[in-house]
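Notes follow once the structure below has been shown.
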């Protein structure tokens, strides 16, 4: 049984607020950043409170994000150099889960070994940044992990777009 989540960046938001809704349009999660030193902390909340938070580790040889979640703390780690988008979960209950992206960074797979846990797609030709994530498994915690991974992907895109806008 699969479940579809839609990630949408809110227009005209000072804190890059992102909402996550199910297929019927009901909002499940909301994410926004809070000020932190030396990097911003992103918090993901549902109706009952914060379910996870992550922040980029500033002094690391490879890009890393520290994630605090109820299931346990873990690290999202990118390789030092890769032609494709690649993210690996290190530690915690989902150790070894990998998110890999296509050549043009529009389609992503979230896998653990040979098991496909979820698929994520970037939507183009929209007024705001949108991603859809189809979760294939009902394992506890998979939905929250997918929310963290796709949101991290969106945060990287925000940063890349902001950097390219400053260079113009």
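The values are calculated or read from the model by the stated rules, or taken from the named source; none is laboratory data. Only a predicted model underlies this, so the values are computations on that prediction, with no experimental measurement involved. For neighbour counting, all protein chains shown are included, and Cβ atoms are generated from backbone atoms with ideal geometry for every residue, glycine included.
Having 2 or more residues that are at pLDDT below 90 and at negative phi is the bar; report the strands (runs of 3 or more DSSP E) wholly within region 33-132 that clear it.
Output list reads 115-123.
Of the residues that sit in region 4-32 and are under 15 Å from the mean Cα position of the chain (by Cα) and not in a strand (DSSP E or B), which one is surrounded by the most Cβ atoms within 10 Å (Cβ to Cβ)?
Only one residue tops the list, namely 16.
Taking region 133-163 as the search range and keeping residues that are outside any helix (DSSP H, G or I) and over 13 Å from the mean Cα position of the chain (by Cα), which one is surrounded by the most Cβ atoms within 10 Å (Cβ to Cβ)?
135
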